[in-house]
Each structure stands twice: as C-alpha cells, then as structure tokens.
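Accompanying notes for the structure given below.
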Amino acid sequence: MERLVYIKTFGCQMNEHDSERMLALLKGCGYRETQRYEEAHLILVNTCSVRAKPEQKAYSILGRFQRFKMERPNVILGVAGCVAQQEGERMLAKFPSLDFVFGPGKIHHLPEILREVERGQKGLCEVGLEDRPSTDVPLPRTRQLRAYVTIMEGCDNFCSYCIIPYVRGRERSCPSSEILAEIEALVERGTKEVILLGQNVNSYAEGDSDELTFPRLLAKINEIQGLERIRFTTSHPKDLTEELIGAFGRLNRLCEHIHLPFQAGSNVVLEKMGRGYTREEYLAEVRRLREVVPCISITADVMVGFPGEGGEDFAQTMGLLREVEFDGLFSFKYSARKGTKAARWKDDVPPEVKQRRLELLQELQRAITIKKNRELEGEVLEVLTEGSSRNSSQEMMGRARCNRIVNFPGGSKLAGELVRVKIEEGLPNSLRGELF
Ligand code: SAH
Ligand code: SF4
Ligand code: F3S
C-alpha cells in the first residue's frame, strides 16, 4: 500500500535541500508526498534554530501534530533539523508522543529509523554529526529544472550570535569529483540550473591543497555541457577573493547575482559579531564586484538590535543600505541563542526599539527594491521558465539571471525553456514583461 508523508520545513536552503533528500529516501521506501497532514501516515517537521521565531513556530506546529496524533495514534511523528540536533533527548521529554528525533547528520539513516519505529520502537533519538559530509551518501533524485547541490556542510566562523556552528558542526567540504559527477547526472536528467549550497561556500576546501579552490570548482562546473546556469549561496565577505570576483566576469554560466550578508553597518557592532571585516572593506568589495560586472545583483542579510547597538550604530546600517542600494535584503531582529558568545551579553535593545529599527530598515529597502526593479523596465532579460504563474494560468513565471521573479504571458509548453523577456513593469517583488 502506498503511504503518504507530510513534511514541514523551516529555515534555510540547506534545510529545504535536506527535506528534498528525506523525500527522495522515503520514495524508495514506498512513500509519496502529500500537502495535507490530515491524510499523512508519516509527519516530519524539519526545524531551524537560527532565531527565536522559526524555533517557536516549530514548537507550536509540533504541539498541533501531537494533539492530532492523540486522535490518530498510528500516525508516525518525527522531528528533524537543527532544533532536533540541539535538543536531542530533551525533545522527547517535551513531546512524549514523538516517535523519533534525528539530526541533519543522520538523514541517510531515515529508512532504518522508520523500520525500527514500524517494529514498535518508541522514542528513537539519533543526533550527532559525522566527520564526513552526510551528502557523501548518494541519493536518488527526481528530475529538477533547478537543483540544489551541497558542496560543503557546517561552519567554522563562530560569529558571536550564531548557533549554526554548534548545530551543523565543523566545516566539511564534499570532494569536487563527487560534486561534478552529481551535477553531470542532474544535467542528464534535465537540470538547467544548479545552486551550490554551503554556509560559507567561498571557503570551500580551505586548507586542502589537493582539492580545487572554489573559483576553480566553479570553472569546472561551467564546462559541463547542457548546464545553463550556476548560482551559489552563501558567501562570507571575509573570504571573497579577487579570484572569485573575477569569476563573475569570466564564467558565462555563473549568474550575475551574489548573496553577501553584511549583518551590520557599524564597525563596533561588526567587531563584536566577530565577522572579520569592516564596513569599509565590505563597501570596497561591493565596488569591486560592480567594476567587474556593472549589472551584478547584490542581496544580503542584516540584523538589528544586536547587544549594545546604539542609535548611531543603527544609523550606519541605514547609511550602508543607501550607499549600496541592495537588490534585495533579508532583515532580522537579533535574538539570543543559548550557548553562543553573544548570549552571555545583555540583550539590551528593548523589543520595541528592535521592532522600530526593523520597520525603518524594511521601509527604506522597499523603496530601493522598487526603484531598482523599475530601472529594469525596457530591458530584455534571459528568463528560465519554471511553470505557471501564481496569479494567472495564462501567465508563466521564471527567474532572470539576477534572481528576480519574472511573470509574462505564455503557454505551459515554455516550462523549462530559456526565453527572452522584455520588462514592462517593475513591481515591489517581481517584474512583468512580454516575450521578446
Ligand atoms: N551562513 C550565513 C548565515 C546563515 S543564517 C552567513 O554567514 O551569512 C541566516 C541569517 O540569519 C544570518 O545571515 C543572520 O542575518 C541571521 N541570524 C543568525 N543568527 C541570528 C540571531 N541570533 N538573531 C538574529 N538573526 C540571526
Ligand atoms: Fe553563522 Fe557566521 Fe557561520 Fe554564517 S558564517 S553560519 S552567520 S557562524
Ligand atoms: Fe536554521 Fe539550521 Fe539552516 S539553524 S538557518 S536550518 S543550518
């Protein structure tokens, strides 16, 4: 009998990709995905602990599924991801009806864990991070137009606010031969765009003189016949080398977009965050990127309300936004994460001040994003068509090389195709145009 799995994912693209890997493994065990948890035989919650908000959301949804399981005791309930890794057995104490808890390093054990549960085992807990990347285990994949490829896991940076090095462990890079083989196999099955994933991709294979550097890996991937586009995320400003900046000018398949989180505009705050660069160094990188590729799209992450952030520090963050004019920005309120260095400092920016700063920042960025989107009106952009637009069945949706969403009238036979679209309207979150 076919069994159904419902999976809810929180957090970053690494977590989204982990969920895809879980689904691929479950497919091999006879499961099919459903979007309705009410009909699922197996419910998985893939959690994130990077900030208080996603963590709370995961707890609240787990509470709901625990109540659901009281009515339907045969439903299997499992929790994965970074909260699972962090809490381990404590998760089982908080949610006694959980069947299993497993961390991001144990994804390939999922079929085994399920077999144990089906044999009647209760409260299984598998956390712990392996030395080698867990992606070493090849997984079956379905055809994907845009595919994530993990190139490294973990992080060694220990930014003072960040939980990721604790929940994802030390930096481990995947062998380039395996990365290239995986991409070749994906391309054979129809993939046109790859998104290389890692918490800090530009320190790929750092310290390993026998391995390719990140820019060289990109150059090799660029040679793969049939692949149209390459993206990567996330890059750290302290490891952005001249060689990598140059790659944007040299490699025709590398999309003109970089996600380069800056976190704060004030040097005092950056220093306390342990980011390893100054405001001036960050701005110099932006200038250099734009010298090499004038149209490059730059997006970033930033946070407000870090311990000790005063009005002047915040003004510097606002000033940096105005100076750079990011194409897009993810902004967050700082929340203390247990076990990190910053959690020992007083969380002294009052919640209402954090909220106000976030609103000011988002208001400014909204105006910048619209302005930049409008500047594209009249331009012809290359768009990789993904499928029907969310708003209308007469319209198709795709992404430009700069990563903006583009909607345009067209039929479903364009799905998967690269087309040229003349932009007619720049909107707050997307562009509209006509086939050119
Ligand atoms: N590896 C990426 C970050 C991944 S986490 C990098 O170094 O850029 C995604 C974003 O969450 C971070 O860029 C940061 O802006 C935010 N973040 C991380 N920890 C946080 C915390 N304790 N409070 C608020 N935001 C946080
Ligand atoms: Fe966290 Fe810093 Fe590592 Fe990014 S680079 S994952 S923010 S510790
Ligand atoms: Fe969250 Fe873990 Fe990603 S903490 S941001 S899901 S690495």
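What to note about this one:
- DSSP bridge orientation in the chain - percent antiparallel, rounded to nearest 5: 35 percent
- Cα centroid of the stretch 88-124 to Cα centroid of the stretch 170-244, whole Å: 33 Å
- This ranking places ASP156, ASP239 by how few other beta-carbon atoms lie within 10 Å of each, fewest first, which gives ASP156, ASP239.
- Amide H contacts of GLU33: VAL5, each under 5 Å away and 5 or more positions distant or on a separate chain (H built 1.01 Å from N in the peptide plane; Pro and chain starts excluded).
- Along the stretch 151-158 the Karplus relation, 6.51 cos²θ - 1.76 cosθ + 1.60 evaluated at θ = phi - 60°, assigns HN-Hα couplings of 10, 7, 10, x, 7, 10, 7, 6 Hz to successive residues, with x for each Gly and Pro.
- Within the stretch 182-275, the GluC sites (Glu not before Pro) that combine a DSSP coil assignment with at most 14 other C-beta atoms in a 10 angstrom radius are GLU223.
- HN-Hα J in Hz across the stretch 85-93 - Karplus 6.51, -1.76, 1.60, θ = phi - 60°, x for Gly and Pro: 4, 6, 8, x, 4, 4, 4, 5, 6
- For the stretch 3-126: rounded, prolate or oblate by the Cα gyration tensor [a/c cutoff 1.5]: rounded
- Dmax and Rg, reported as Rg then Dmax, of the stretch 380-435 (C-alpha, Å): 9.6, 28
- Cross-link partners of LYS238 among lysines (Cα-Cα below 16 Å; sequence separation of 8 or more within a chain): LYS272
- When the Gaussian network model of the chain links Cα atoms closer than 10 Å, the mean-square fluctuations of GLY128, GLY305, GLY378 top out at GLY378.
- Residues whose placed amide H lies under 5 Å from that of SER335, excluding near-sequence neighbours: ALA52
- Of all the options PRO104, PRO175, PRO237, the one that moves most in a Gaussian network model of the chain with Cα springs shorter than 10 angstrom is PRO175.
Read-outs throughout are calculated quantities, based only on the coordinates presented, and are distinct from any laboratory measurement. The shown structure was predicted, so the numbers you read here are calculated from the model rather than taken from an experiment. Note that each Cβ is placed from the backbone with ideal geometry, even for glycine, and that neighbours are counted across all protein chains shown.
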